[in-house]
Amino acid sequence: MSTILEVKNLTKKFVDNEVLKNVSFELEKGETLAVIGSSGSGKSTLLRCLNHLSAPDSGQILLEGVDITTPGTDINKVRADMGFVFQDFNLFTHLTILENVMFGPLRVRKLSKNEARQIAMEEIRKVGMADKIGAYPAQLSGGQQQRISIARALALRPKLILFDEPTSALDPELTGEVLSVMTALAKEGMTAIVVTHEMGFARSVADKVIFIDQGLIVEQGCPKKMFAAPQHERTRLFLNNFG
Ligand code: ADP
Ligand code: MG
């Protein structure tokens, strides 16, 4: 196994609100990491710092051994290497499904139209949406839009994908189709960090889980162990809420 991401002592403040406190963890290539914790605990801020959507105050983020927090880092390259799947999909509403997924390969990876189309079609097929390439996002269900948003992230051929509560905006009956796409990706060996309240997914699919509370990693480790026997009272109280 090889380490793909190393986060060391990451801190982030908003004015005097310390939202991330000395957050450290490692991720191996091919692993799925689930990040769990209450609303407001800093999960989105953590993903946003990894992806340079938010600047950390201190600490290091090493992507394949290269510190991406140093000045002069190519932020567009970092964002292309780390796909981001948002809670509310964030598709371009004026572009078709195919155009949405081709956008990254064309504009970010600077591939030719043919190559971009080929990659886009491959990823759209992977999420089971090949019959919808000419549709606009508003014509799709939330679950379908989220699957396209995953295809869009994959089309950049990222080193890892960050998911921020990818099923929280979905009706329960649409959650399963998105989780099964994510499960298939995990099985294929995609590296991913998934912020989620889907404890079944965290327990059965993730290789590692981090429980974060008020900006602090309280506990991290093997999901089956943590769910069966949390080491900290705060973890236990949090997990109790999920029955
Ligand atoms: P989570 O994703 O776990 O619900 P967030 O990372 O969104 O938590 O938020 C963590 C804390 O940081 C919250 O107290 C939130 O109000 C605060 N916060 C997040 N973004 C900002 C911002 N842009 N400006 C000020 N405070 C913020
Ligand atoms: Mg959040």
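Where a number appears in this text, it was derived from the coordinates with a stated rule and is not lab data. Quick caveat: nothing in here was measured; it's all calculated off a predicted structure. Positions of Cβ are backbone-derived with ideal geometry, glycine not excepted, and every protein chain shown enters the neighbour counts.
Values as computed for the structure displayed
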quantity	calculated
Extended-chain gain in nm, criterion 0.36 nm per residue less alpha-carbon gap, Asp207 and Ser38	58.8 nm
Flagged links, alpha-carbon separation over 27 Å, of Lys132/Lys224; Lys12/Lys225; Lys77/Lys113; Lys12/Lys77; Lys12/Lys187	Lys132/Lys224; Lys12/Lys225; Lys12/Lys187
Among Asn22, Asn90, Asn100: highest mean-square fluctuation, GNM of the chain, C-alpha pairs under 10 Å	Asn90
Set of lysines with alpha-carbon distance to Lys13 below 16 Å, sequence-local pairs under 8 removed	Lys21, Lys43
Kirkwood Rh in Å, taken over all unlike Cα pairs in the chain	18.4
Length released on extending from Ala130 to Ser180, taking residue separation times 0.36 nm less the Cα-Cα span	16.3 nm
Helix runs (DSSP H) in the chain reaching 18 Å along axis by Cα, Kyte-Doolittle at least -1.0	142-155, 172-188
Fraction of antiparallel bridges per DSSP, the stretch 107-243 only, in percent to nearest 5	55
C-alpha center-to-center spacing [the stretch 32-55, the stretch 214-230] in angstrom	16
Segment Ser54-Thr93, extension gain: residue separation times 0.36 nm, minus the distance between their alpha carbons	11.6 nm
Choice from Asp164, Asp81, Asp67 showing the highest fluctuation, given a GNM over the chain with Cα pairs closer than 10 Å	Asp67
DSSP beta bridge pairing in the chain, given as percent antiparallel to the nearest 5	55
Summed side-chain charge close to Ile124 - residues other than Ile124 whose Cβ falls under 12 Å, Lys, Arg +1, Asp, Glu -1	+2
Expected 222 nm ellipticity per residue - DSSP helices of 4 or more, -39500 (n - 2.57), all of the chain, to 500	-10500 deg cm²/dmol
